[in-house]
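The values are calculated or read from the model by the stated rules, or taken from the named source; none is laboratory data. This is a predicted model, so every value here is computed, not measured. Every residue, glycine among them, receives a Cβ derived from its backbone with ideal geometry; neighbour counts consider all protein chains shown.
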Amino acid sequence: MDPGKRHIPLLIGLSIAAIVLLGKIFSLQVIDRYKEDADRNSTVYETIYPTRGVIYDRYGHILVGNKVAYDILVSPREVQAFDTVALATVLDVTPEFIRGKLKEYNRRRSAIGFQSVTMMRMVPAETYMRFDEVKYRFPGFKGQVRGMRDYPFNAGGNLLGYVSEVNQAYIDRHPGEYRSGDYAGMTGIEAAREKELRGEKGYHIYLRNSRNQIEQPYKGGAEDKEAIPGRDIVTTIDAELQQYGQELMQNKVGSIVAIEPATGEILALVSSPGIDVSQLADIGRHWEEISTNPYKPMYNRAVQASYPPGSVFKLVNGLIGLEEGVLRPEMTYPCHQGYHFGAGHKLGCHVHKSPLNMEESIMMSCNAYYCYVLKNIFDNRKYGNVAEGMDHWREMVMSFGFGRKLGSDFPAELSGSIPSSKTYNRAYGKGRWNSTTVISLSIGQGEILATPMHLANLCATIANRGYYYIPHIVKESDGVPLDQRFKERQYTMVDTTQFPKVIKGMWRAVNSGPGMGGTAWIAHVDSLDICGKTGTAQNPRGADNSVFICFAPMDNPRIAIAAYVENGGFGATYAAPMASLMAEKYITGSISRPALEKRMMEADLMARVKHD
Amino acid sequence: MIDSNSGRRSLRQTVDWWIIAVYLALVVIGWVNIYAATHTAEAGSMLDWGSRAGKQFVWILTSFGLAALILWVLPPQLWEGVAPVFYAFVLGLLVLVIFVSSDVKGSHSWFDLGPIRFQPAEISKITTSLLLSLVMSQQWFKMGRPRDFLIAAAIIGFPMLVIVAESETGSALVYAGFIFVLYREGLSGWLLSAIGLIILLFVGTLTAGAYTTILIMIGILVLSAALSEPSRLKNRLLAGGGFVLVMALFPTFLGWIGDLVQGEMDKLSMRPWVPRADETEDYFWGFVLRIKPLWVLIGLSVAAMPLLLWRAYKLKDRFLAFCCGVFIAGVVMVFSTDFVFQNVLQPHQRGRIEVLLGLKEDLAGIGYNVNQSKIAIGSGGLLGKGFLKGTQTTFGFVPEQSTDFIFCTVGEEWGFLGCLIVISLYVWLIARLIIDAERCRGKFTRIYGYCVAACIFMHLFINVGMTVGLMPVIGIPLPLLSYGGSSLWAFTILIFIFLALYRNEKKYF
């Protein structure tokens, strides 16, 4: 190109360069989000934490309250030389802890700048008082009030749940709701009612300069927001009963669930072993210990453990048999220490009267009787084949709440499982199994899995003669409405007229007196009219599980209970006495059988329980 | 406009008043923004001598004095004569300062004379411009001759090297702008394009990746090939543009297919009776996941290259052959960039380049300034927050706010409108310098004019580019706006020498 014309490309280049710059500026100023950042950059939000709502029991006792605790903060830039050992003594930590922390802050000093960082969390008031007296000796260190949970009753960590600082994963799961440093309920009621309990954070806004020093309140504090305290929650729990259940279950693995049949309100929800409330408030410090405990105290067995229900399930099969018309109460079947089928196969039973009718079969918990019942249900001519018979049976079983989540307001509920024809088609092949293949379903073994909550719900359903309310843990109170679903009766597919027939058998199981063959005579309490059904479920790892469901009194029942004790042996050995003690405690407020109570409380089955 | 019969002409007619007006506007804008940048809640007036704005006012007044001196008192012919002496003297100062200066943020470039500090690097731009103009305006000088080119390069290179030794990399980079002057005076345009392409490829490979860079290169070549022969414009644009478009969409398409396949395999592996994990390798469509778009692009190029070269040979199409050569060289460059960057550079060097190119966020370290400066500018919005209303400015988030980052204050308080005005003023100033330089008959004045334009352009582009995150953070002032006496003086002298020379030219027409 002729040099005389070269100013033209240069001028074009100049224009392009100017357009590039202006384009970038335009995108920064008009298109991008940098504007938002500027406000955040020069204002500092000082969070005001709300007090967390109190959790009450059904009678107004405080289950979970608040007490004052302190965080110890440090502004590393303001720290001067001090006596590390003296500070460590006052704060109840080792000097190495403090030296380590300060070393860490020194490493991060450019990031920390003039800010304060939390050196210790949840320091109890006594420790803080000691620190407060001498803190003038430790410039740069200061305390900050922070609410801490307080537990007047030992209601069990799994029921109440714990509160802890949110981690990044939790923040991500709840976009826009939490920031690092916030606390949230992680399990139990604390998690179920987190939205009400947490309240709303407030903030003071200050303007700051680039060295993070506060210059002045932003707009004179006009934009500040007060914290709104969390709402109180009234639960359906009976604190005394819950604590009593905890005491009964100590040193055993399993759970007790008690429900008020007329409302579906959960009166007690015990899972053992659990987290002791003394560790709950400051769970972070005990986390290692809790998470490495082989008995898994974090695992809420009441709603998460899927067990075979055992003989308790005979009630369901009996009811379905009655409804389907393949069983009449007066029908008798023989039992020669078991049910014999095929070539030399036998499903065993214990020694009792034979033949026997339905009421007696419940009272004495005959296995053979229910083999006949289940066979008749599955092989019912109404249905083309066993597969259809089974699927219809499954549908009816699920109408009791089995095999699915009940829809309780308690978190982390599991669904258990009820097998269908598909389950067996997969295992054996289509058409290559029949009702005797799956005969153990008759006695609640095999592929049936249910949680203690399911069993308690079954018990409440029978107590109500045919319907249940979805079990729930929170009572309606000011500002905390009860979801409509908890107010509706849930009917099963079995007609309400069938229920009194099995209730009679349950009454006889408990109230026939020793020697009459009733499996649960030990649960008898004078004038309480307890109706119950024992269960002894096979446990592939060691001794059988002890299972018992009962409700009392027979007419207008006030409580329905399921007790499940892992490796407890017969249903009558542990589960039945415990459940009856719970019923007695709830209805009469006292215990007429102190020796039995003592034996139950002192029993230690932990050695029997095999864990992974 | 130019009346050749009028003999000596008055000042009013011979001075480019546009340049003086823009100069005044920029100086005043600078002064106002320095006041805003250093303004605090309890600050005094703009004329408070203790404040930076007050001091700047003094610098401005003295600059006016300097300007008047150059324009009216000193004879314009003087500059040609003293150029070599001045150049040598300032070069000496540049070297001297390394040994006697105090350490200011790691650089040794300031003379500390009691109350006044000054940077010889600022003056060196003037002396280099003068000597370069002097040498290149000689009759014997031919840009095309390697010896002459080397002489010009040496004049630029010496002060540049010394300034690098002072650890003032930013100031040294400004000297690269003199290449535009060389271009104007006959340096091959190919060289300029080649340098531009190398920079583009290097930055492109590191930021956008090899695939995109090669694609952009193909796009550029297709476009220039199409434009070089207007007769084949349509066909070449269609074929080349179509190829670029298809290949640009190719990775997206591949990703889409990949997701589909991945989803299908996930579904399969969820079922226990179909092959799991390691067996999915054998899954028919699994190979799609292993296709790398870059290989496909390179494969196609390698396949097409002999074809194109053969065609170029047959048609005696030198441009096509040239394009192929550029392409091959470019691809080699792209891959060696990656290789050099990953394997030859030390980790800390890599880290620095990565932050410079914005590949890594480093908001606390090197990236802090840029991030704060972008926030400040971005917060201005379309119309700005208004004079003294900038929060970023007042609370000192942006470092060097009144000097190197003065543009932040403009952006925050005056918004896009303010930025547009300021940049337009600079563009008008530079364009005016180029236009005036072209009008000159004397080679010396013309080259000098280009030198001034190049210096201002480099300062503008690097400084503003730095504040908005387009350029790495290298501290050089924004001409006439930034706080600081030596910078303001230097640019005043630089510009007014040109005005004096230009006036001298016009006087006799």
Do any residues in the stretch B:191-213 that are at positive phi have Cβ atoms under 7 Å from those of residues that are not in a helix (DSSP H, G or I), where the two are at least six apart or on different chains, and which pairs are they? none
Just give me the residues in the stretch A:481-505 being touching a residue at least 12 places away in the same chain (Cβ under 8 Å) and not in a helix (DSSP H, G or I), in sequence order. A:Asp483, A:Glu488, A:Arg489, A:Gln490, A:Tyr491, A:Thr492, A:Met493, A:Val494, A:Asp495
State which residue pairs qualify: first residue within 11 Å of chain A (Cβ to nearest Cβ) and at positive phi and inside the stretch B:405-422, second residue of a type outside the set (S, T, N, Q) and crowded, with 24+ Cβ neighbours inside 10 Å in any location, beta carbons under 7 Å apart, and separation of 6 or more residues or different chains. B:Gly415/B:Gly380
Residues in the stretch B:466-479: is at least one of a type outside the set (Phe, Trp, Tyr) and in a helix (DSSP H, G or I)? yes
Return a yes/no flag: does the stretch A:392-410 have any residue that is surrounded by 15 or more Cβ atoms within 10 Å (Cβ to Cβ) and farther than 25 Å from A:Asp495 by Cα. yes
Would you mind stating whether A:Glu96 is more than 30 Å from A:Ile266 (Cα to Cα), assigned to a helix (DSSP H, G or I), more than 38 Å from the chain's Cα centre (by Cα) and acidic (Asp, Glu)? yes
Which of the residues spanning the stretch A:21-39 are at pLDDT 75 or above and more than 7 Å from chain B (Cβ to nearest Cβ)? A:Gly23, A:Ser27, A:Ile31
Out of the stretch A:61-87, which residues are among the hydrophobic types (A, V, I, L, M, F, W, C) and under 13 Å from A:Lys142 (Cβ atoms)? A:Ile72, A:Leu73, A:Val74, A:Val79, A:Leu87
Checking A:Arg208 against (1) at pLDDT below 85; (2) surrounded by fewer than 17 Cβ atoms within 10 Å (Cβ to Cβ): exactly one of these is not met. Which one? (2)
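Can you name every residue in the stretch A:328-370 that is on the phi > 0 side of the Ramachandran plot and either in contact with a helix residue (DSSP H, G or I) (Cβ under 8 Å, 6 or more places away or on another chain) or at pLDDT 90 or above (or both)?
Residues satisfying the conditions are A:Gly338, A:Ser365.
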Helices (runs of 4 or more DSSP H) wholly in the stretch A:131-215 with at least 2 residues that are among the charged types (D, E, K, R) - which ones? A:168-173, A:194-197
Unique residue being surrounded by 22 or more Cβ atoms within 10 Å (Cβ to Cβ) and under 30 Å from A:Trp433 (Cβ atoms) when the list is A:Pro308, A:Pro355, A:Pro334, A:Pro273: A:Pro308
Please state which of the following conditions B:Val334 fails to meet, knowing it meets all the rest: (1) modelled with pLDDT of 65 or more; (2) more than 27 Å from B:Ala25 (Cα to Cα); (3) surrounded by fewer than 18 Cβ atoms within 10 Å (Cβ to Cβ). (3)
Within the stretch A:499-519, can you find the residues that are at pLDDT 90 or above and small (Gly, Ala, Ser)? A:Gly505, A:Ala509
Among the residues of the stretch A:447-463, write down those that are closer than 19 Å to A:Gly321 by Cα and assigned to a loop (DSSP other than H, G, I, E, B). A:Ile448
Within the stretch B:184-197, considering residues that are more than 16 Å from the chain's Cα centre (by Cα) and surrounded by 16 or more Cβ atoms within 10 Å (Cβ to Cβ), the one farthest from the other protein chains (Cβ to nearest Cβ): B:Leu187
Go over the candidates B:Gly390, B:Gly325, B:Gly378 one by one and state the one that is at pLDDT 75 or above and within 10 Å of chain A (Cβ to nearest Cβ). B:Gly378
Contact list please: Cβ distance under 7 Å, first residue in the stretch A:99-115 and within 14 Å of another protein chain (Cβ to nearest Cβ), second residue at pLDDT 80 or above and in a helix (DSSP H, G or I), pairs at least six apart or on different chains. A:Ile112/A:Tyr105
Selection from the stretch A:52-78 of residues in a loop (DSSP other than H, G, I, E, B), closer than 25 Å to A:Glu126 by Cα and not basic (Lys, Arg) yields A:Gly53, A:Val54, A:Ser75
Please state which of the following conditions B:Asp436 fails to meet, knowing it meets all the rest: (1) surrounded by fewer than 24 Cβ atoms within 10 Å (Cβ to Cβ); (2) over 27 Å from B:Thr38 (Cα atoms); (3) away from every other protein chain (no Cβ under 11 Å). (3)
